[in-house]
Each structure stands twice: as C-alpha cells, then as structure tokens.
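The block underneath contains the structure these notes are about, expressed in structure tokens.
None of the figures in this text is laboratory data; all of them are computed from the coordinates on show. A quick note: this is a predicted structure, and the numbers were derived from the prediction, not measured. Here Cβ is always computed from backbone atoms with ideal geometry, including for glycine, and neighbour counts include all displayed protein chains.
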Amino acid sequence: MMMPPVRYADLGPVRMACYEAGMPSARPPLILCHGFPETAFSWRHQIPALAAAGWHVIAIDQRGYGLTTSPPEVEAYDAEALCGDYEALLDHLGVGQAIFVGHDWGGAMVWQMAMRRPGRVAGVISLNTPFQKRAPADPIAIMRDRMGPDMYIVHFQKPGEADAMLADARRSLDYLFRLPPAGEGETRGYGERWRGEGPSIFPLAHEIAAHDPAADRREHFLTGEEFEVFVEAFERTGFTGGINWYRNITRNWETAAAYEHIIRQPSLMVLAEKDPWLSPSSAAGMDKIIPDLETVLVRDCGHWSQQERPEQINAIMLDWLDRRFPSAAA
C-alpha cells in the first residue's frame, strides 16, 4: 500500500511508529504529521513522491494513534507533550532541525512546534490548518457561544461521551472520509455563527451516530482497500487518543501565553476551497504574523487534501521545497 516498513523510535514517554523513506542529506528531513482521525497512512501518496525527489521523509503515527503509544492521561496530549515528541524524534534521528509538514491537527501542531521550539524547525508546511493569533479568551468558551453546546469540539470535552458515540469505527470513518457534496462552493467553516435556536453548528458526533452509509450520496475518495486500513487501525485503538488532543485546547491556550505569536521560519499554507471546517477565509491575516509566508489555494478540494488531490499537493509542496531549500546540485 505504498508505505515503507514501520520502524519504532523510543522517545521516553512514547514509543513512536515511524515510516521512513529517502536518504539523509544536507537538507533538513521532512516530518509528516497527520490529523484527526488519521494515521501516517494518510501520507501514502506523499512519501514515495518526496523521497523520489531526493528528500528524507519520516511519516509518524502521532501520540494516541496507530502503532504509537497512547498514554491514558488526558493532559499527556497537550501541545507541550506533543512538541516534546517532535523534539525527541529529532534527537533520535540525530538532526538539529526538520521541515515540519502537517494536516488538520498535524497542521495545528507544526505551527505550535515552530512557535514553541523555533530552533528545531527549519520550515513549515500546513495543509488546511491556518496559524492564528492567540484567542482573547478560552477557545472552548468562544466556540460554545458561537456554535452551540453540541458543536463537536465543545462536545468532545465531555469525558467518554463522544468516544462512545464514535466507537463504531466503520460508521464514523465512512461519514468523515467523503468528498464535499457536488455543487457546493466555499463554506464559512468555523466562521459560522449559532443563533441560539435549533441544532448546534457541526454536531459531528450526533451526525455520525445517525449516519446511514447507504443513504449518503457523497462520493468516497478512498479505495475499499485504503478504507479498510483506517478501519482496522481505529477498531484496534478507538478514538480516545485523538479526542484527547481536543481536550487540551484550553490548556494549550493557557500555555501559549508564554510565547511570541510570530512564525519566523519559511512557511507554506495550502488551503482547500471546499473544506467544510477550515475554510480559506480562516487564513485571513496570516501574513501579518508569518512574515515569510506563501499561500496556495487548491480548487474543488475538501478537507482531506493530500488524499483527495495527491498529485496536486505533491507538486505544490515540491515546488516550494525546492525553491526554499535547494539541493547542493541545484
């Protein structure tokens, strides 16, 4: 399935599953960081393409996912712990810096790594997830007020409840891993505002619980074999590890107060036109807090960009990488 054999890195608190391709060189390695609910397998189209272009690539199962350790404590999934994993991985690899590439939650965390451990980050590529100024108040309280109590991130704060509602991995992943409905344009994503009447915005767990795969007319972007890889992974692990990342949003907001909210590394932001959650408009103003930023919009693409449009995403990343980090031969 286009994936290198798994290798393990003992990083202290966790034993991390890594999928490595390409040879080390004078250029920084690429660390590929997946989102929710995915594993390193979500980078299966990028790993061989990047390695063939001369890059040393390491895709990881993040803490709480796949074959990597899942600590039981909720606080073990905060931004400091996750950045600690990335830093320990660099030490394990014997390199000072890497270019961090992330999607969804992985995108959020590569920005956090650049902010919290700037000396270890040579560059950043984020797919779909923008970097934003620190919120003026607890983000969970803001989301509850703007989008309602059943908005999935707010709902995820309840211990065990969403975990149980998503427990049927096949149903949950079938609902999530679909293309946007045909004919839909750009959405407002998290810019939507709840009016205090009717259902909350993005009541994801409830929508999954009511999901009828046979009645869903949205198209799949995974082959049957690819889908089964994800199903097997989450039937084995459940979703609690990934949900615990959401349960640290308030803690991350609190600890972020100690850091300068400026990203000074060369950065690439890849936006997807039809991402229902992270709309292109959510990246407005990034250039003011990331001085060295390039932005690319992928048309007719939903949330799962590197899986939906792999050839286009590969071309965008390689163009930027080769310009910003040219090889000695080039």
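Taking every C-alpha pair closer than 8 Å and separated by at least 6 residues, the mean separation divided by the residue count of the chain gives a relative contact order of 20 percent.
Annotation for segment 40-138: GluC sites (Glu not before Pro) lying in DSSP loop with at most 15 further Cβ atoms inside 10 Å of their Cβ are 73. Sparsely packed loop sites in segment 122-207 (the trypsin sites (Lys or Arg not before Pro) outside DSSP H, G, I, E and B with at most 16 other Cβ atoms within 10 Å) comprise 133, 134, 188, 193, 195. Using 0.36 nm per residue and subtracting the Cα-Cα separation, the extra length available between residue 296 and residue 145 on full extension is 51.2 nm. The string of couplings for segment 61-67 from the Karplus curve (6.51, -1.76, 1.60, θ = phi - 60°) is 7, 6, 3, x, 10, x, 9 Hz, one whole number per residue in order, with x for Gly and Pro. Rounding to the nearest 10 and keeping the result within 0 to 90°, find how far the Cα-based axis of helix 224-237 lies from the longest principal axis of the chain. Orientation of helix 224-237: about 80 degrees from the principal axis. When the chain is modelled as a GNM with alpha-carbon springs shorter than 10 Å, which of 22, 94, 123 fluctuates the most? Of 22, 94, 123, the most mobile in the Gaussian network model is 94.
Using DSSP to call loops (not H, G, I, E or B), can you name the GluC sites (Glu not before Pro) in segment 157-233 whose Cβ has at most 10 other Cβ atoms within 10 angstrom? Mind showing how you got there, number by number?
Values: sites: 161, 184, 186, 192, 197, 207, 219, 225, 226, 228, 232; in loops: 184, 186, 192, 197, 219.
In loop regions of segment 157-233 (DSSP not H, G, I, E or B), the sparsely surrounded GluC sites (Glu not before Pro) are 197, 219.
Determine, from the Cβ-Cβ distance of residue 322 and residue 260 and an R0 of 35 Å, the FRET efficiency 1/(1 + (r/R0)^6), rounded to the nearest 0.05. Mind showing how you got there, number by number?
On the way: r = 30 Å, r/R0 = 0.84.
It comes to 0.75.
Structure remark: mean-square fluctuation, Gaussian network model of the chain, C-alpha springs under 10 Å; the largest value among 21, 182, 283 belongs to 182.
3J(HN,Hα) along segment 304-320, derived from phi through the Karplus expression 6.51 cos²θ - 1.76 cosθ + 1.60 where θ = phi - 60°, amounts to 8, 4, 6, 9, 6, 10, x, 5, 5, 5, 4, 5, 5, 5, 5, 4, 5 Hz, with x in place of Gly and Pro. Extension gain for residue 167 to residue 132 (0.36 nm times residue separation, less C-alpha to C-alpha distance): 9.4 nm. Calculate the spin-label point distance for residue 52 paired with residue 284, positioning each point 7 Å from the Cα along the beta-carbon direction, and give it in nanometres. Modelled inter-label distance: 4.0 nm. Please check: in the Gaussian network model of the chain (C-alpha springs, under 10 Å), which one of 23, 109, 317 has the largest mean-square fluctuation. Comparing 23, 109, 317 in the GNM, the peak value goes to 23.
When both segment 207-233 and segment 1-49 are represented by their alpha-carbon centers, they are found 24 Å apart. One Cα centroid belongs to segment 68-117, the other to segment 151-180; the line between them spans 23 Å. Dividing the helix sum by the residues of the chain, where each DSSP H run of 4 or more adds -39500 (n - 2.57), gives a mean residue ellipticity at 222 nm of -9500 deg cm²/dmol. In this simple spin-label model, placing a label point 7 Å from the Cα along the Cα-to-Cβ direction at both residue 211 and residue 235 gives a separation of 1.6 nm.
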